[in-house]
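This report refers to the structure that appears directly beneath it.
The values are calculated or read from the model by the stated rules, or taken from the named source; none is laboratory data. Everything numeric here is computed off the predicted structure, so don't read it as measured data. Cβ: placed from backbone, ideal geometry, glycine included. Neighbour counts: every protein chain shown.
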Amino acid sequence: MEIEVAMLDMSVLPAFIGVVLVFLAPPGPDMTYMLAVGLQGGRTAAVRAILGIGSGMSVYAAAVALGLGAVAATYPAALDAVKLAGAAYLLWLAIITARAARTAAGEPLVVSQRWFLRGAMVSLTNPKLILFFLAVLPRFAGQAQSTTAQMAMLGAVNVATEVVLYGAVGVGASAFRDRFLSHAGAQRALEYLAAAVYLVLALLIVIDSAKGHVP
């Protein structure tokens, strides 16, 4: 056990957690998605979605710990492809969510149960998250004897922090949903609102990607 602790540099944790909190504060794909899910599907959907997001984040954390981040940094075109894939996926979510609200007129609205898979997909195609893992985690290697173990520890802290914070956003949105559902047509209005959130977020990712190519 003493050997395992010696492999890590825990002194960087306070500064790292501070950076993580600053990074997570501005709304991004993950936070916005959790807000939309809470409004659209309620508390259970929010819990499943944040577990999916956490799983997606864990993939990138493991990749950086194994040294694959340098490979991604060498091929920026691959990062652009991931960004556009994320925008396309969010656009698809906007379309099917709006379609579900429109075609369900006059009958109870059946909400999709694929919250975990959708959360994982949103996380895996989140350009903000990718850049964080590639650019920030390596800066906190500190004096760790094992870089792999240090990156794994930092990745776990990052995943846990986002799951707690964004999970709270989703659950909070679901509480608003529960109060709002007593009004006629509320569920359909929330579906359209969620679709609008997905659409705006997809457009913002495309615009941000286009700016990156402006000379």
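All but one of (1) modelled with pLDDT under 85; (2) surrounded by fewer than 19 Cβ atoms within 10 Å (Cβ to Cβ); (3) under 22 Å from PRO138 (Cα atoms) hold for LEU8; which doesn't?
Going through the list (1) modelled with pLDDT under 85; (2) surrounded by fewer than 19 Cβ atoms within 10 Å (Cβ to Cβ); (3) under 22 Å from PRO138 (Cα atoms), LEU8 breaks only (2).
If I filter region 76-87 for residues that are among the aliphatic types (A, V, I, L, M), within 23 Å of VAL169 (Cα to Cα), under 18 Å from the mean Cα position of the chain (by Cα) and at pLDDT 80 or above, do I get at least one hit? Before you say what the answer is, go through the steps one by one.
Pass one, region 76-87, residues among the aliphatic types (A, V, I, L, M): 77-79, 81-82, 84-85, 87.
Pick out the ones that are also within 23 Å of VAL169 (Cα to Cα) and you get 87.
Those left that are additionally under 18 Å from the mean Cα position of the chain (by Cα): 87.
The next check asks that each one be at pLDDT 80 or above; those that pass are none.
Within region 76-87 (the criterion being among the aliphatic types (A, V, I, L, M), within 23 Å of VAL169 (Cα to Cα), under 18 Å from the mean Cα position of the chain (by Cα) and at pLDDT 80 or above), the answer is no, since none of the residues qualifies.
Being surrounded by fewer than 22 Cβ atoms within 10 Å (Cβ to Cβ), within 30 Å of GLN145 (Cβ to Cβ), modelled with pLDDT of 75 or more and among the β-branched types (Val, Ile, Thr): is that true of VAL47 here? Let's see the steps before the verdict.
On the way: surrounded by fewer than 22 Cβ atoms within 10 Å (Cβ to Cβ): yes; within 30 Å of GLN145 (Cβ to Cβ): no; modelled with pLDDT of 75 or more: yes; among the β-branched types (Val, Ile, Thr): yes.
Taking the combined requirement at face value, the residue does not satisfy it.
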